[in-house]
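**Q** First, the structure itself, so that you have it in front of you.
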Amino acid sequence: MSPKKLATLGLFTTMSLIIYGVECAIPPLVPIPGIKLGLANIVTLVLLRDFSLRDAILVLLARILLSALLFGQALSLLYSLTGGIVSLFLMALFHHFLRKKEIVITSILGGIGHNLGQIAVALFLTKTIGILAYLPFLLLSGILTGCFTGFCAHFLQGRIPRDR
Amino acid sequence: MFRNRSKTAGRLLLLIFLLAAGSLAAIFIRAFGFFTKNDGKVLIADLYQDGALLTSINLTAVTESYTFSVNAPGGGSNLVEVRPGEIGIREADCPDRICVRQGYIHTSLLPITCLPHRLVIQLRTDNTDQIDTEVPDAVVR
């Protein structure tokens, strides 16, 4: 990895950390565990489209690990890690099938994947089937927030220098 | 971006719409279930921690509010408040306190969950007290 690439990815990681930190300061809009805007996903989407999957994975992992350290939510590390990885996997898969167009659809699928991953961890940890009652709410919120972050990434196209 | 949409994109959009519609339908069906037939039934709260049933409370029989605390195995506790016909978490030392913000529940629409302490409070209706007081005239589902 060239020094320039390292610096660029470092900047992207900082950017997503700041977005994540700001989002953490916003009180949860809906009192349902797992529902949030997921604004930091904008950075992942931009990296996936304008850079490469490898760069997106690196920045995502760095952001999740650093945010667990910085914002002291080590308990939620497992949730964000699983949600983030499932989401990125789905996004990479469908981004490829969509021939790198339609970033909004990719983002919606990522949002759904994130919430599915989270509820899977929650099921595993609480061992209570009853929390599946949250599933329709989580699916809906994943679609809505995915739509929002997707449009953000769409309008960022061309405003952030691409990888060369 | 709305023109010349590929076949894959169209299918995925359809799938997303179906998922959204299905979720909305599921929410409405569940929500309607409670407002219609809740008469003469007993409301029971089940407290689960780590998937094990801690205790069951008959909320219909509660006449005065009381609180008790539930200690999580890995440290931390939740102060559960039981009121006549409803239950909620009043205090908790988890980082996000979403369980407190979920307020008091009186239907089984959504459980209260404290993910950091792996505590779930779920409501269910039961008609056990009807069995000994009156003979069921019919069972219609």
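**Q** Would you mind estimating how fast the stretch B:42-132 diffuses translationally, via Stokes-Einstein at 25 °C and 0.890 mPa s with the Kirkwood radius over Cα pairs, in µm²/s?
**A** Taking Rh from Cα pairs, D becomes 185 µm²/s.
**Q** With charges only on Cβ, +1 for K and R and -1 for D and E, what is the dipole size of the protein assembly as shown about its Cα centre, in debye, rounded to 20?
**A** Numbers: 27 positive and 19 negative charges, 452 e Å.
For this selection, approximately 2160 debye.
**Q** Scan around B:Val62 for amide H atoms under 5 Å from its own, H built in the peptide plane at 1.01 Å from N, and keep only partners 5 or more places away or cross-chain.
**A** Hits under the 5 Å cutoff: B:Gly85.
**Q** Volume per residue, Å³, of the convex hull around the alpha-carbon atoms of the stretch A:12-68?
**A** 78
**Q** Using the beta-carbon distance between B:Arg83 and A:Lys127 and R0 = 35 Å, what value does 1/(1 + (r/R0)^6) give for FRET efficiency, to the nearest 0.05?
**A** Here the calculated transfer efficiency is 0.80.
**Q** So, one more: More than 24 angstrom separation, counting every C-alpha pair in the stretch A:1-159; what % is that?
**A** More than 24 Å apart: 30 percent of the Cα pairs in the stretch A:1-159.
**Q** At q = 0.07, 0.08, 0.12 Å⁻¹, what log₁₀ I(q)/I(0) does the protein assembly as shown have when each alpha carbon counts as one equal point scatterer in the Debye sum?
**A** Rounded to two decimals, the profile gives -0.34, -0.44, -0.85.
**Q** Relative contact order, percent, of the stretch B:42-132 when contacts are C-alpha pairs under 8 Å separated by at least 6 residues?
**A** Relative contact order, the stretch B:42-132: 29 percent.
**Q** Rank the residues B:His106, A:His96, B:His117 as a footprinting-exposure proxy: fewest other Cβ atoms within 10 Å of their Cβ go first.
**A** Fewest to most other Cβ atoms nearby, the residues stand as A:His96, B:His106, B:His117.
**Q** With +1 on each Lys and Arg Cβ and -1 on each Asp and Glu Cβ, how big is the dipole of the stretch B:42-132 about its Cα centre, in debye rounded to the nearest 20?
**A** So the magnitude is around 300 debye.
**Q** Here's another thing I want to ask about it. Based on the alpha-carbon gyration tensor of the stretch A:53-109, what equivalent-ellipsoid semi-axes (square roots of 5 times the eigenvalues) come out, in whole Å, largest first?
**A** Those come to 25, 11, 8 Å.
**Q** Could you tell me what % of all Cα pairs in the stretch A:112-151 have separations over 13 Å? Write out the running numbers ahead of the final one.
**A** Numbers: 398 of 780 pairs.
Summing the P(r) tail past 13 Å for the stretch A:112-151 gives 51 percent.
Every number here is computed from the coordinates shown, using simple stated rules; none is lab data. Worth saying up front: this structure is predicted, and the values here are computed from it rather than measured. Because the Cβ atoms are built from the backbone with ideal geometry, glycine has one as well, and the counts that use them run over all protein chains shown.
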